[in-house]
Ligand code: PMP
């Protein structure tokens, strides 16, 4: 018989899938690391497991304790899964701009969700930062993982994501492309790949125009989960060789194209990272290039946004012909 005793044993060891249509004939191999195949549906399951287990070891999380984190999305799901497996409670604090669907997913796993107003100052006692800090003080046995400062976040990628990619490509990877939010993925997996290859692997960050990672001028952007307006302490500035800036419009068009032509229903930050990987392949024109691009989550959380024509139009993006050529009528 072949089975695991808990879903958290299924975290990691995600496959690489070759992208062949969206590369538009660029030479070289572009391989997608498909992180939505983690049990919680995103790359964040990896950091959840490691942050919780480290907190258990150092005593900051005790049996029966409560995990409190300001998160609305993927990290919350990862933490909820690990909490359930290990008997902890979860309280997630999120701003009211977060869709009801996302809040309901967290509640479905048994987490408590506290919703705070978006339109207040971070210092306001009602802001989601203030509320999560207050809950950590008030709830007995509360522990806040804080993915933006917790070094277990990049470490989880140094110990799992990076080595998996190296083994799966038989050490032939030449470029690693990923988006940057907390910077955990690029700092951990990127550092591992640089070390193991003796500095040969090039590490490329994809970033929404406007974020600090690409020299941010503060312009707002819509792609979720990536880009920051501050430098998180989980980001290691020595790892990334180059940043490729991608617009919302290009990110969303590629996200839809990935679903329609590669059958990969993935999120907006995946489209963004793929745009960067394909641009790189086109620029390199190297048949021996092996570019690995990490796709963090699934497109199911964005059906009423990126995959909805009316939503795109509302933000000024015309739904583009995703397959490159659109045949109308009989042929
Ligand atoms: N994409 C999505 C959808 C995410 O939720 C995140 C995490 N914030 C990232 C990309 C970026 O990953 P990291 O935090 O490791 O930089």
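Please treat every number below as a calculation from the coordinates, not as lab data. The structure presented is a predicted model; accordingly, all values stated were derived computationally and were not measured. With ideal geometry, Cβ positions are generated from the backbone for all residues, glycine too; neighbour counts draw on all protein chains shown.
Structural remarks
- Spin-label proximity, residue 2 to region 161-202 - amide N less than 11 Å from point 7 Å beyond Cα toward beta carbon: none
- Cα gyration tensor shape of region 226-300, rounded if a/c is under 1.5, else prolate or oblate by comparing a/b with b/c: oblate
- Cα-based helix-to-principal-axis angle, 184-196 vs the chain, degrees rounded to 10: 60 degrees
- Using C-alpha pairs below 8 Å separated by at least 6 residues, the relative contact order for region 181-222 is 21 percent.
- Label-point separation in nm, residue 107 to residue 85, each point 7 Å along Cα→Cβ: 2.6 nm
- Using alpha-carbon coordinates, inclination of helix 74-86 to the longest axis of the chain, degrees: 50 degrees
- Working from Cα pairs under 8 Å separated by at least six residues, relative contact order for region 70-174 is 19 percent.
- Across region 30-80, the relative contact order, built from alpha-carbon pairs under 8 Å that are at least six residues apart, equals 46 percent.
- Helical content alone sets the calculated 222 nm signal of the chain at -10000 deg cm²/dmol, taking -39,500 (n - 2.57) per DSSP H segment of four or more residues and averaging over every residue.
- Rounded to the nearest 10 degrees, the inclination of helix 128-138 to the longest alpha-carbon principal axis of the chain is 40 degrees.
- Annotation: peptides 243-249, 207-213, ranked by per-residue average of other Cβ atoms within 10 Å with the highest first, follow the order 207-213, 243-249.
- Summary of the geometry: region 201-229 and region 99-118, compared by the centres of their Cα atoms, lie 26 Å apart.
- Sorted peptide list for 175-183, 226-234, 62-70, criterion being average Cβ within 10 angstrom, highest first: 175-183, 62-70, 226-234
- Inter-probe distance in nm under a simple model that places probes 7 Å from Cα toward Cβ, at residue 238 and residue 195: 1.1 nm
- Separation of the residue 304 and residue 118 label points, Cα + 7 Å toward Cβ, nm: 1.2 nm
- The length gained by stretching the chain between residue 282 and residue 56 to full extension, at 0.36 nm per residue less their Cα-Cα distance, is 76.7 nm.
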